[in-house]
Every structure is written in structure tokens, then in C-alpha cells.
């Protein structure tokens, strides 16, 4: 019988390089599941969750093509904390179910659950056996995100404020990848960790 892969949780703040690290693990043949993608899947047109969101917030929360208008939703939940709580209670169990199904399909020695809010969620932390935090100084996070998304500093700071503080994230880390150099450095660190993780399986 094949050995079931163990699950690595991969997280990091906005602009830390989490996605670049995840992409390199994928190039090394490691199966991964992204919580953000699961979050998008559970609110696709035709999904019961989207129907409940429309029933609660009205059809103005939809784009012309029937897709959820994420910018409009984001604006509403930043303004109304109670609405954010309601939405989390609706979506989080569905997201976890989707993640479990997709992780169960893994056939690599270990699999990766990529989740920006991993350290904030005890339920997500229970799904992984080890946590890798991709870390970067806050000034670098700000610069990278502003360049990548074309947004101003105030908006990036607002997003950073909703995510776990850097110290809190690092407190949960089994491994830390300090991504304060170039992409070549990031790739070499991912490869070093990959070799270590392959040994852990044994």
C-alpha cells in the first residue's frame, strides 16, 4: 500500500514571496492545494454558498456575468465586522472540505497546503503536520505588494493589519524561509528545504 503523503502548511504575509516559494515547490513535483483557490471555488456561480451570499446581500454583490464581485464584497466586510463573521461561518467549513478532498489526491512524498491565514486558523493548523513560514521585513512586503498590485501604501497597510502579526506567525513556524534577497536565493532555499522534507518522510 502506498504511503500517504504528510502535509506541510505554507504561509506568509502579503508580499513575503509565499506564492513564488509555492511555485518552486510545484516545479520540484510537490502536490499543492491553495486555500485562496478553494475559497474562490466554493463561491462560483451555481454553488449554494453564492446563492446564500446573494440572499443576504442582494444581487448588487454580483458582476454582470454572475460571478461574485470580490471588490464589492471586500468593501462591505471591511465596513461591517458582523457581516465578515457571518461570511466566515458560511465559507470556512466549505473551504476546509474542498482542501481535504484535494489534499487526498496527492501522490508526491509530501503535499503542501498554501494558506495566507494558516496561523490564524486553528482548524487549518490541524490539517498540517508542519508549518513553513515565508518571512520578509515589513518594508519589503510593502514595496513588493505596491509594485505587484499597483496599490497605494495605505491599502497594503490595511491588508497587513488584518493578517497575523509577523511575530505571531513566526511563533507557529517549524521552519522559516527568510526571503529578503533575490529569486535565485529563494529557489535555493526552497530546494534545501525540499531535500530536508524528503528525508522527514523516512
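Only the coordinates and a few stated rules stand behind these numbers; no lab work does. Everything quoted here is computed from the prediction, not taken from an experiment. As a convention, Cβ positions derive from the backbone with ideal geometry for all residues, glycine included, and neighbour counts pool all protein chains shown.
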Could you tell me the relative contact order of the chain? Use alpha-carbon pairs under 8 Å, at least six residues apart, and round to a whole percent. 38
Degrees, to the nearest 10: 70-79 long Cα axis against longest axis of the chain: 80
Per residue of the chain, what 222 nm ellipticity follows from adding -39500 (n - 2.57) for every DSSP H run with n ≥ 4, rounded to the nearest 500? -16500 deg cm²/dmol
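Pulled fully out, how much extra length does the chain show between residue 117 and residue 140, if you take 0.36 nm times their separation in residues and subtract their Cα-Cα distance?
Contour length minus the Cα-Cα distance gives 6.3 nm.
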Under 18 Å from a label point 7 Å along Cα→Cβ of residue 44: give me every residue in segment 95-120 with its amide N that close. 95-105
Burial ranking of peptide ranges 74-85, 186-197 (average Cβ count within 10 Å, highest at the top): 186-197, 74-85
Rounded to the nearest 5, what % of DSSP beta bridges with both residues in the chain are antiparallel? 5
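Would you kindly state how much longer the chain becomes between residue 130 and residue 20 on full extension, computed as 0.36 nm times their sequence separation minus their alpha carbon distance, in nm to one decimal?
Separation in residues times 0.36 nm, less the Cα-Cα distance, equals 37.7 nm.
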Considering the Cα trace of segment 38-105, what is its radius of gyration and what is Dmax, both in angstroms? 12.3, 38
As I understand it, the value is the acute angle between the Cα axis of helix 138-149 and the longest principal axis of the Cα atoms of the chain; what does it come to in degrees, rounded to 10? 60
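Given the peptides 13-21, 88-96, arrange them by the average over their residues of other C-beta atoms within 10 Å, most packed first.
13-21, 88-96
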If r is the Cβ-Cβ distance from residue 83 to residue 191 and R0 is 45 Å, what FRET efficiency results, to the nearest 0.05? 0.55
Projected label distance in nm at residue 172 and residue 153, using a 7 Å step from Cα toward the beta-carbon: 2.9
For the chain, take the longest principal axis of its alpha carbons; what is the angle in degrees between that and the long axis of helix 183-201, to the nearest 10 within 0 to 90? 70
Would you mind putting 54-61, 42-49 in packing order, based on average other-beta-carbon counts within 10 Å, highest first? 42-49, 54-61
Quick check of the Kirkwood formula: for segment 97-149, what is the inverse mean of 1/r over all pairs of different Cα atoms, in Å? 13.4
